[in-house]
Amino acid sequence: VISTLVVHCVGDVVIPRLTVDKKDEPSAEDYPYLDASEVELDGTDASAPRRVPMFKFTHSAVPHPAAARAQAAGAALGGDQAGAQIPGIVSCMTRNVTFTNRNPCCVHCRFGVKGPFRILEITQVGRHPVKLLEDPKRTRKKGGAVEQQPPRQLYTIDKYETVSLQVEFVPELVPPGLWTEDQVEHVFKGNVVVEYPREKQDSPDAPTDLQRVRLMAVSRRPGLRAIVVPRPELDRPLAPEEEALPAVVEFGRVHVESTLTRSRVVMLLNVTNVQAKWQLLHVGKKGGTSRCSEEGEPLDDRNAFHFDVTEGELPGPSKDVLVPGSGVRMPRWFPLTPALPHALPAADEHRFDPLRVTVAFRPKKAGPHRSRFRMEVQGGISADIVLCGIGSFDEADDGVDFVES
């Protein structure tokens, strides 16, 4: 009797890939497959884009009192305890990226990073953590931050095991050309790269599957915005090309020995959640055209203009509202009435109101006056205002201002 034994063999082609328990970012795309023919064996479309998650970091160019840059890990809020949390997160320099092996077999891989980031520690359950930097603070103090070299150590992740990477954003690794002086917010991107070598020997020519997780860091610095409370009898509508110029405060004609003081209000707003420390400076007269109402060579007398506030700290972002029918946000000129419904404010919510700076014009000489002042911000973007007024000896200019009750 002759018998035949038939053995059916079924093999699975497993493309190594670790899973990150985080929602995919629609704008982030993974590396293409190493071999498209292997993917098409189970009917998968190799040309379809693969989305990957994104981890976000937050950096403040000016250290916040509640979140110094020396803080090693965790997110720090800009608001006080039991207070208004309008600033949100002001510092988040490190994030933990956790990978899980959901394949039916173990996975061998390497981890690396690209961009202004570095891996501080790699942790696996049941194994000693691998610290790639002994003391990251020491490197930052000396100012010798060097781009991290790609590690060649091969890690083995068994089935249903996890591996966690502690990733840090390093501002010192950003090229100097990417920092611009006229922007309050900079965005830097990078990747956590996972390499899956298909051969055990460490050869640069060995085929390797690649996977990445996107990293994005947002660096903010304080920036002031000066807005003049309008007065119809003094201000004129601005042309579109004049909106980007410094704010102009018109005082009109004022008697030199007037018994009354002509004053205007300028509102200062902090456009970011980084606290702005500012002080008032006088900017010397330079050449250029004047936007004042009167022609002629104006007198640059800084003593003719008096400010009630000349320095301080302004937390942000300052409160503003959207102007109906446009995309411009402006502060409220007057407080809300009790008749309008609103939630109960926090105890320190008034700190985020725009700062009202009152400027008085007291000329000592007759003729046009024009002076430029700057609210200089430490480590941020300053705001300039131009004050214009005319000193006069005409008695008609010594009248009493009519203020509507």
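For the range 201-222, the set of residues classified as part of a loop (DSSP other than H, G, I, E, B), open to solvent by 10 Å² or more (accessible area, probe 1.4 Å) and in contact (Cβ under 8 Å) with a residue 24 or more places away in the chain consists of 202, 207, 221, listed by residue number. May I ask you to list the residues in the range 77-88 that are in a strand (DSSP E or B) and surrounded by fewer than 17 Cβ atoms within 10 Å (Cβ to Cβ)? Correct list: empty. Every test in (1) within 22 Å of residue 222 (Cα to Cα); (2) over 24 Å from the mean Cα position of the chain (by Cα) is passed by residue 374 save one, and that test is (2).
The values are calculated or read from the model by the stated rules, or taken from the named source; none is laboratory data. Not measured: the values here are computed from a predicted model. In this analysis, Cβ positions are derived from the backbone assuming ideal geometry, glycine residues included, and neighbour counts consider all displayed protein chains. Remember, those area values only see protein heavy atoms, side chains included, never the ligands or the DNA or RNA. Shrake-Rupley method; radii C 1.70, N 1.55, O 1.52, S 1.80 Å.
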